[in-house]
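Worksheet: one structure, shown below.
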């Protein structure tokens, strides 16, 4: 939900092969980034169908009957299910256009989007070849701190330093003080 004149959020992808720890890293970063005063949202791209509603429930029945969208209002929030009637997966811009304003969006997936990324890898996996293929990479994260890169490098367990880097990146990208 775009607000006229609002500055768009900084975007930062978290990339790596399946099982490399992308989600785990994001979950560890979120409370630290939020504690810095940043409002952080996430977008996760999945390759498989995810059922957000239970067959037989009213909202499921609304969708099955042809509702264009179904809003499920919960005691602790809401979920909007917008079926892709054309069977086309929404792009990152389309997904973000429906989100509330924030300072930073961490993006997991959307490999085809040319957004700045932090690249995760296992040191044994010849990371240089992987990093060189995926531009723009702003930082790399390995099981141990990688050496010899032209971008910032972190060990995977150095969550505080990774969060500080991301907070600085978000503030600089948005022209924020601090």
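Where residues in the stretch 45-73 are in contact with a helix residue (DSSP H, G or I) (Cβ under 7 Å, 6 or more places away or on another chain) and either part of a loop (DSSP other than H, G, I, E, B) or at pLDDT below 75 (or both), which of them is farthest from residue 111 (Cα to Cα)? Filtering first and then ranking leaves 54. Considering only residues in the stretch 21-38 that are assigned to a loop (DSSP other than H, G, I, E, B) and under 15 Å from the mean Cα position of the chain (by Cα), the one that is farthest from residue 171 (Cα to Cα) turns out to be 21. If the condition is being under 21 Å from residue 31 (Cα atoms), in a loop (DSSP other than H, G, I, E, B) and modelled with pLDDT of 85 or more, then the stretch 79-119 contributes 100, 101, 102, 103.
The values are calculated or read from the model by the stated rules, or taken from the named source; none is laboratory data. A quick note: this is a predicted structure, and the numbers were derived from the prediction, not measured. Methodologically, a virtual Cβ is constructed for each residue, glycine included, from the backbone with ideal geometry; neighbour enumeration extends over all protein chains shown.
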